[in-house]
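**Student:** Got a structure for you, written out below as structure tokens; questions coming shortly.
The values are calculated or read from the model by the stated rules, or taken from the named source; none is laboratory data. Remember, predicted model here, so these are calculated numbers, not experimental data. Note that each Cβ is placed from the backbone with ideal geometry, even for glycine, and that neighbours are counted across all protein chains shown.
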Ligand SMILES: [Zn+2]
């Protein structure tokens, strides 16, 4: 698809929004009050707003390969701080997805070369936890089930990482129970989201 097409699509999109609702864009000019911070995968098949039927202004979004929460990721921690301290967002969702290329690569015998391999070393821990659990079981899951298990474990791991981060702990100290941390998995084949971590399952570090 040529980029000119995208610019044309943008023009028609803006025109259609205005035709439906003349105040649509004006409403957003005074600021934003998103309901949720979404930490998702960069995968093009998992567009947060579309799968949740949200429009502009509803979700504050951070995406990277395999929806990873890394302690030393200044980009992510800045998004977190802005979300909690300035936008006063109370819910954070880490959303993984089935058929995640990042998780598949992290599960491979040999990781791909370069930055992506370094990055996926974090998700490789999720694979290790799943392998450890399976080591004691007699029957092994098929490949798709195994990948789904690692996808879920990866979401749990990244939610756990959030519980240790300074900005999250600070928020929970000032306002107990906030942020509420959620772990979800989006199924590419069905378009449905499953909940794998509820805020009640999570304990934020003091
Ligand atoms: Zn992915």
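**Student:** Residues that are within 16 Å of the ligand (Cβ to nearest atom) and buried (at least 21 other Cβ atoms within 10 Å of the Cβ): does the range 21-37 have at least one?
**Tutor:** no
**Student:** Given (1) under 14 Å from the mean Cα position of the chain (by Cα); (2) closer than 24 Å to residue 198 by Cβ, where does residue 45 come up short, assuming only one miss?
**Tutor:** (2)
**Student:** In addition: Do we find a residue being touching a residue at least 60 places away in the same chain (Cβ under 8 Å), closer than 20 Å to residue 161 by Cα and either within 13 Å of the ligand (Cβ to nearest atom) or under 17 Å from the mean Cα position of the chain (by Cα) (or both) anywhere in the range 106-119? Write out each step before concluding.
**Tutor:** We begin by selecting, within the range 106-119, every residue touching a residue at least 60 places away in the same chain (Cβ under 8 Å); these are none.
Within the range 106-119 (the criterion being touching a residue at least 60 places away in the same chain (Cβ under 8 Å), closer than 20 Å to residue 161 by Cα and either within 13 Å of the ligand (Cβ to nearest atom) or under 17 Å from the mean Cα position of the chain (by Cα) (or both)), the answer is no, since none of the residues qualifies.
**Student:** Quick one: is residue 192 under 19 Å from residue 45 (Cβ atoms), within 18 Å of the chain's Cα centre (by Cα) and in the same structural domain as residue 83 (by TED's automatic domain parsing)?
**Tutor:** So residue 192 fits the description; yes.
**Student:** On the basis of being assigned to a loop (DSSP other than H, G, I, E, B), crowded, with 16+ Cβ neighbours inside 10 Å and in contact with a helix residue (DSSP H, G or I) (Cβ under 9 Å, 6 or more places away or on another chain), does residue 126 make the cut?
**Tutor:** No: the conditions fail for residue 126.
**Student:** Answer with yes or no whether residue 88 is within 21 Å of the chain's Cα centre (by Cα) and at positive phi.
**Tutor:** Yes: the conditions hold for residue 88.
**Student:** Another one. Residue 178 versus (1) under 16 Å from residue 98 (Cα atoms); (2) part of a loop (DSSP other than H, G, I, E, B): which is the lone unmet condition?
**Tutor:** (1)
Yes/no matrix, rows are residues, columns are (1) within 20 Å of residue 39 (Cα to Cα); (2) crowded, with 17+ Cβ neighbours inside 10 Å:
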residue: 142; (1), (2): no, no
residue: 151; (1), (2): yes, yes
residue: 154; (1), (2): yes, yes
residue: 158; (1), (2): yes, yes
residue: 163; (1), (2): yes, no
residue: 176; (1), (2): no, no
